[in-house]
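Below is one structure; the comments refer to it alone.
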Amino acid sequence: MDLVVERDGDEIDRVSAADIELAIVVYAERGATPGDLSFVVLRTRTHDLLLPPECGIANRLHFERQAFWRARRCIYWAPATVATLPRRLCQGLWILRQQTPGFLRLARQELDAVIARWPLEGPQTWDERKWELIERMRPFAALRPVPSPGIAR
């Protein structure tokens, strides 16, 4: 299973899904809908791939091969308000600079220090996150005990 990155129908990059050690979904708002996706960082042993939302990565992580991603336990979440990237990675001129990157492949060490500052939530799949958000919105949710890991709700 490979994730293929194409531009105008031409393959420009490819990464084996088995090589992905960590997928960090950076989200805006509450991260409650696929439209809240700001960008995704796929971390392999040697590289990081930055993927913008328009590339369709949300569909690959959230809705396709769910059993694969659930078993891997490698999807983490970070709010866009604090999960910022160095300016050089976001395209555009000074005042018109985009807040999200285009597709980039970087050496892993380039983002190590940046990602170390991000507050990561997870690991959890889209479905697990969705149900957790629903649980938090229920009346008196703050008064309910948090279940122990490994115990079914």
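Any idea which residue in segment 108-127 is nearest to the chain's Cα centre (by Cα), counting only those that are part of a helix (DSSP H, G or I) and in contact (Cβ under 8 Å) with a residue 24 or more places away in the chain?
The selected residue is Trp126.
Going by the conditions given, is Leu143 over 22 Å from Asp13 (Cα atoms), modelled with pLDDT under 85 and either open to solvent by less than 40 Å² (accessible area, probe 1.4 Å) or among the small types (Gly, Ala, Ser) (or both)?
Here the answer is no, as Leu143 does not meet what is asked.
Limited to segment 2-34, what total is found for residues that are touching a helix residue (DSSP H, G or I) at 6+ places or on another chain (Cβ under 8 Å) and open to solvent by 60 Å² or more (accessible area, probe 1.4 Å)?
The qualifying residues number 3.
Taking the criterion of being at pLDDT 90 or above, in contact with an Asp or Glu (Cβ under 7 Å, 6 or more places away or on another chain) and open to solvent by 50 Å² or more (accessible area, probe 1.4 Å), would at least one residue in segment 57-75 satisfy it?
no
Report, ordered by the first and then the second residue, all pairs with beta carbons closer than 9 Å, sequence separation of six or more or different chains, a first member in segment 79-96 that is modelled with pLDDT under 60, and a second member that is open to solvent by less than 100 Å² (accessible area, probe 1.4 Å) and among the polar types (S, T, N, Q).
Gly92/Gln98
The values are calculated or read from the model by the stated rules, or taken from the named source; none is laboratory data. Predicted, not measured: the structure shown is a model, and the values here were computed from it. Virtual Cβ from ideal backbone geometry, glycine too; neighbours counted across all protein chains shown. All accessible areas refer to the heavy atoms of the entire protein, side chains included, with ligands and DNA or RNA removed. Shrake-Rupley method; radii C 1.70, N 1.55, O 1.52, S 1.80 Å.
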